[in-house]
Amino acid sequence: MQQLCLLHCRMMEERKGDCWIHIKDQFDNLEKHTQWGIEFVDRYSKFVKERSEIETSYAKQIRNLSKKYQPKKNSREEEENRYSSCRAFVSTLNELNDYAGQHEVISENLTANIVAELSRYLQELKSERKSHFHDGRKAQQQIESSWKTLEACKRKFERDCKEAERAQQHFEKMDADINVTKADVEKARQQAQGRHQMASDSKSEYSAYLQKFNQEQNDHYYSVIPNIFQKIQEMEERRIERVGDCMKTFADVDRQVLPIVGKCLDGMTKAAESIDAKTDSQLVVESYKSGFEPPGDVDFEDYGQAITRTVSETSLSNSRESKEKLGGKSKGKLWPFIKNKNKGSGPEDFSHLPPEQRRKKLQGKIDELNKDIQKEMDQRDALTKMKDVYVKNPAMGDPASVDPRLGELAQSIEKLQYEVQKFEGWLAEVEGRMPSKSDPQRRQSGLYQTTAQNNTPMGSNCAQDRESPDGSYTEEQSSETQVKAQAPSANPGPLPTSSTPEFDDEFDEEEALPTIGTCKALYAFEGHNEGTISVAEGELLFVIEEDKGDGWTRVRRNEDEEGYVPSSYVEVFLESNAKGAMTYI
């Protein structure tokens, strides 16, 4: 019986050892696998994060590209925007900007729906995995502890059995020995019985604990560990499902913006289809048509006949010659292929442009000035109402505090209205509503009208003949030359300085005009036109010729610098003893 017990113990030890090693190895493998699963989720999260950063960078580059090629707010870009191809390009840029916005949406959704979610899930997964494997290790430690207790009981049972067997052998030996006293035999018998009782108790204890261990082992391998493994398996399945859902979301994020991206692309296509080549080409024609009349046919000139060569009245040369005689601005305007010598911005009246282009420029300038006048008048009306409120209720403010600003606005409106009248005159000339400036019957001289009967200055005609120093003294050179040739004995008054070579000698011979007073510049004036002089606000100048009703006063800075300035820009103080002195208010 003792041998059977020992054999049973050895068999149980071997069977238990094999099972434990097997389960322990699998437990370690599961631990490694779940750790790999966490690393995989983390790797996928980093992948989505990098994809989100790429989308953000791409959207930023697309936006910068769209912004780079957006038209600037200047006159040239506004003019180009009239063409359908330019408008289509602007629409394409706007759609591209919206297209970039959809990539920003992709980036935001990837970050919010995948990266942030996986980041939280990873923390939960690590905590859950740690809990499961902690329970597994605790179960392993518990079964190992039970196994050690069982082995201790088994060794004790084995040791007691061996001691009982030795005590039995010693009793039998003592009982067979005739030389041993009866008391010794009895003692040996009692010891053998005691050892057998101890072995029997150890056997009972070992047998009871063995049943307990077998139950615990059975629970461990068929209940505790399987439950832990089941939880780990469910954890892994949830991880795999979560990764699958994230991969599906990864695709859905792109799919959600596809309709809007499609609309952006449709908008680009629609913009491209809106391009109208004929309309654009017609706009070019309207923009650059000159308004010149084609020259007439050139007549045949017969050199075989001894007659004065004549030219057709409609020929190019004759038309040029006749206009030169009339002192008009015909040079550079007879035909589009005649080069324009005026570079840059050109004169104020846009006379360097062809008629049609000049008309458009003048009309645009008038519209711009009218808008400025309306703004100033609105401000004036508002200040007037404010002043009325102050007058009725002095507690709200001083009415006198508004007067300086009202004065400034009045001066500004007057100045702008003068500019409008000036440009309207030029526009009327272009549109044929008044005689051309080159008509010798209308304007024979900028300052004086000389006739054969009377050679005295006609200052009263200046208001009609001179609209600006530029128009008076640069465009009518031929007329003035003709007048002076007809009346050599005349003693005309001084003329503004001209840069035309044919007048240089005459002006050099003239004596400097005496000063008749002084003036102070109320505003700065840029004298871009010929015959004018630039002045700064507050500058003091000498007056050498008073305003004759044309709105211009002739002033001198020094012996070499003199010219005309607008009378409304200066405050004149004439000397009381000066000839022709008058009072200016």
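The values are calculated or read from the model by the stated rules, or taken from the named source; none is laboratory data. Note that the structure is a prediction, hence the values are computed from the model and not measured. As a convention, Cβ positions derive from the backbone with ideal geometry for all residues, glycine included, and neighbour counts pool all protein chains shown. These accessible areas exclude ligands, DNA and RNA; they are computed on the full protein's heavy atoms, side chains included. Shrake-Rupley method; radii C 1.70, N 1.55, O 1.52, S 1.80 Å.
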- With every protein chain in place, the accessible area of SER204 for a 1.4 Å probe, in Å² rounded to the nearest 10, comes to 70 Å²
- Task: List the residues whose amide H sits under 5 Å from the amide H of ILE533, counting only those 5 or more places along or on another chain, with H placed 1.01 Å from N in the peptide plane.
- Result: TYR564
- Note on the structure: Sorted list, accessible surface of protein heavy atoms, 1.4 Å probe, largest first, for TYR569, TYR58 is TYR58, TYR569
- Both in Å, the radius of gyration and Dmax of the C-alpha trace of segment 38-111 are 17.9, 62
- Based on the inverse mean of 1/r over its pairs of different Cα atoms, what is the Kirkwood hydrodynamic radius of segment 143-276, in Å? 22.4 Å
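For segment 34-189, what does the relative contact order come out to in percent, with C-alpha contacts under 8 Å and a separation of six or more?
That works out to 29 percent.
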- Message: Once the cut-off is 18 Å, how many percent of the Cα-Cα pairs in segment 73-217 end up in the long-distance tail?
- Response: 78 percent
- Query: Alpha carbon centre of segment 128-204 versus segment 264-290: separation in Å?
  - Reply: 109 Å
- When all protein chains stay in place, what accessible area (Å², nearest 10, 1.4 Å probe) is found for LEU406? 30 Å²
- Task: Just name one of GLN141, ILE106, LEU118: the one whose Cα is farthest towards the positive end of the charge dipole of segment 81-179 (beta-carbon charges, Lys/Arg +1, Asp/Glu -1).
- Result: ILE106
- Could you sort GLU368, GLU216, GLU526 by accessible area so the largest value comes first, with the probe set to 1.4 Å? GLU526, GLU368, GLU216
- Note on the structure: With x for Gly and Pro, the residue-by-residue ³J(HN,Hα) of segment 184-200, computed from phi through the Karplus equation 6.51 cos²θ - 1.76 cosθ + 1.60 at θ = phi - 60° and given in whole Hz, is 5, 5, 4, 5, 5, 5, 5, 4, 5, 5, x, 5, 5, 5, 5, 5, 5
- Size of the dipole of segment 342-416 about the Cα centre, Lys and Arg at +1 and Asp and Glu at -1 on the beta carbon, nothing else charged, in debye to 20? 280 debye
- Accessible surface of segment 93-237 [probe 1.4 Å, protein heavy atoms]: carbon and sulfur percent: 46 percent
